[in-house]
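The values are calculated or read from the model by the stated rules, or taken from the named source; none is laboratory data. It should be emphasised that the depicted structure is a prediction, and the values quoted were computed from it without experimental measurement. For neighbour counting, all protein chains shown are included, and Cβ atoms are generated from backbone atoms with ideal geometry for every residue, glycine included.
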Amino acid sequence: MRVYLSAADRQINWFLDENALDRSLILNIFFQDGIVTPDIFFFISPQIERHVLGTRRQSLLAAALGEGLVAPAFRDEKVASFADALEAIRQQGIQGVRNDAAEVADRLDIAWEQGASPTLERWPRASLGLAFDTVLREALAGEEPPRLGADLSTLQNELDEL
């Protein structure tokens, strides 16, 4: 069961330090079944932009994409590449796309095309970000505060059912 890469969500970037994305990638790639990321995160996240473009070598995110450890969730069934996803996002008029988004798409497409086993997810029924927000709010708005170290499988199962 893949985990949602919330560290790339621009809405919470102000609350995270500059290394949060790298830590999240490492922990989730090595200790979970993989990561799923909405397509928009690749083009609006300053952390992803810095991670992908900040090195001459292939980034951990790009390598993990090529190996199927990170799965992009493209919004449109016709989309089969990051360049296509970026074009679809621009056609929809979504705000906040970063200036270097095309370069990020190019680097990710190279890793995707050269990868041994790239994986693709589709989220046709609901917005993944909205679903995550809804389930998280319900989990945190109960009578009892969440227990530290509580089993998060219930939250993940609710996300999977959406």
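Pairing residues of the range 1-27 that are at pLDDT 90 or above and surrounded by fewer than 18 Cβ atoms within 10 Å (Cβ to Cβ) with residues that are part of a loop (DSSP other than H, G, I, E, B) and among the hydrophobic types (A, V, I, L, M, F, W, C), at Cβ distances under 6 Å and at least 6 apart in sequence or on separate chains, gives no pairs at all. Selection within the range 31-77: residues that are in a loop (DSSP other than H, G, I, E, B) and among the polar types (S, T, N, Q). The member of this set that is surrounded by the most Cβ atoms within 10 Å (Cβ to Cβ) is Ser45. The single condition among (1) over 21 Å from Val135 (Cα atoms); (2) of a type in the set (Asp, Glu); (3) part of a loop (DSSP other than H, G, I, E, B) that Glu87 does not satisfy is (3). Taken as a whole, the condition of being touching a residue at least 40 places away in the same chain (Cβ under 8 Å) and under 16 Å from Ala102 (Cα atoms) applies to Ile44.
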